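The values are calculated or read from the model by the stated rules, or taken from the named source; none is laboratory data. Given the structure is predicted, the values throughout are model-derived calculations rather than measurements. In this analysis, Cβ positions are derived from the backbone assuming ideal geometry, glycine residues included, and neighbour counts consider all displayed protein chains.
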Amino acid sequence: MNTLRIGPVECAWWPYRRGENAQTRVRQWLAEALGIAQSALILRRDPYGRPRLDGKPGGHDVNWSHSGEWLIAAYVVGAAVGIDIEWLRPRPKALALAQRFFVAEETAALAAEVADAQDLEQRFTRLWCAKEAVLKAHGRGLSFGLDKLRFTVVEEDRTPQLLACDSALGLPEDWRIHAWTPVPGYLATVAWTERNLVPRSAAGAGNVLAIDQTSAR
Ligand SMILES: CC(C)(COP(=O)(O)OP(=O)(O)OC[C@H]1O[C@@H](n2cnc3c(N)ncnc32)[C@H](O)[C@@H]1OP(=O)(O)O)[C@@H](O)C(=O)NCCC(=O)NCCS
């Protein structure tokens, strides 16, 4: 198993076969990390399909992602976490996708700064991965809108910086984001925030995502 600890977040990744049940693998890892039996691990899905960890006090959170032949997971205490892995492959429609889904300034920077098609695809994937990691931590996923947060457009080996975001995501400085290469040919990005994005009550009304407005600065 490959692992990375970044700040309060534990990440692990494994080879993955398409169609394999990712949750089974993640449950096994989590139970070992928490030192509890798998049967004691309560992992449910909220109405947005986001996995939620119940039965442990202190705001434990988990998220995972799979792409190509790899599965990656992240686990944190006292924060909300989202993770995305992308297999780096040719994306001939990268600019069209950016035009459709990203913030106009990001698309303009992509179009202006890239050296060639490979550079464009690589920078596009960095942006996509960072956006998806934050949106998965938030819990609504991509349906919340890739244009609800704006990042810097960066070169290889750099983590995009969050410049602006919808107030439902908190403030840009509330977020910590880290991008790295877990295995050659793949890009992973993990995002976490200590801002209260997780439901206040695990058994709460309809398990609806709650944004804690009282913590607004
Ligand atoms: C869910 C979503 C993030 C998956 O994106 P993807 O790039 O195809 O997949 P990834 O491999 O990165 O992530 C998949 C994992 O994200 C998790 N996930 C699912 N919904 C999620 C959400 N709303 N927020 C955060 N994580 C979510 C699950 O653990 C899933 O793993 P599984 O396939 O083993 O169940 C994306 O499809 C999305 O945002 N959809 C909008 C939300 C939605 O419509 N949910 C369905 C309503 S029931």
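Numbers at a glance
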{"read-out": "Qualifying position, being crowded, with 20+ Cβ neighbours inside 10 Å and at pLDDT below 95, among VAL114, VAL153", "value": "VAL153"}
{"read-out": "Residues satisfying the stated conditions in segment 178-195, i.e. closer than 18 Å to THR152 by Cβ, of a type outside the set (Ser, Thr, Tyr) and buried (at least 23 other Cβ atoms within 10 Å of the Cβ)", "value": "VAL190, ALA191"}
{"read-out": "Check on ALA73, in the same structural domain as GLN161 (by TED's automatic domain parsing) and in contact with an Asp or Glu (Cβ under 9 Å, 6 or more places away or on another chain)", "value": "no"}
{"read-out": "Residues of segment 126-158 satisfying the condition of being assigned to a helix (DSSP H, G or I), within 10 Å of the chain's Cα centre (by Cα) and either small (Gly, Ala, Ser) or within 8 Å of the ligand (Cβ to nearest atom) (or both)", "value": "ALA130, GLU132, ALA133, LEU135, LYS136, ALA137, HIS138, GLY141"}
{"read-out": "Leading residue by the ranking (farthest from ARG140 (Cα to Cα)) among those in segment 25-65 that are within 13 Å of the ligand (Cβ to nearest atom) and among the polar types (S, T, N, Q)", "value": "SER65"}
{"read-out": "Which listed residue, of GLY145, GLY170, GLY78, is among the small types (Gly, Ala, Ser) and assigned by TED's automatic domain parsing to the domain that holds PRO8", "value": "GLY78"}
{"read-out": "Test for VAL9: is it among the β-branched types (Val, Ile, Thr), more than 14 Å from the chain's Cα centre (by Cα) and not assigned by TED's automatic domain parsing to the domain that holds LEU110", "value": "no"}
{"read-out": "Members of segment 66-89 that are near the ligand (Cβ under 10 Å from one of its atoms) and charged (D, E, K, R)", "value": "ASP84, GLU86"}
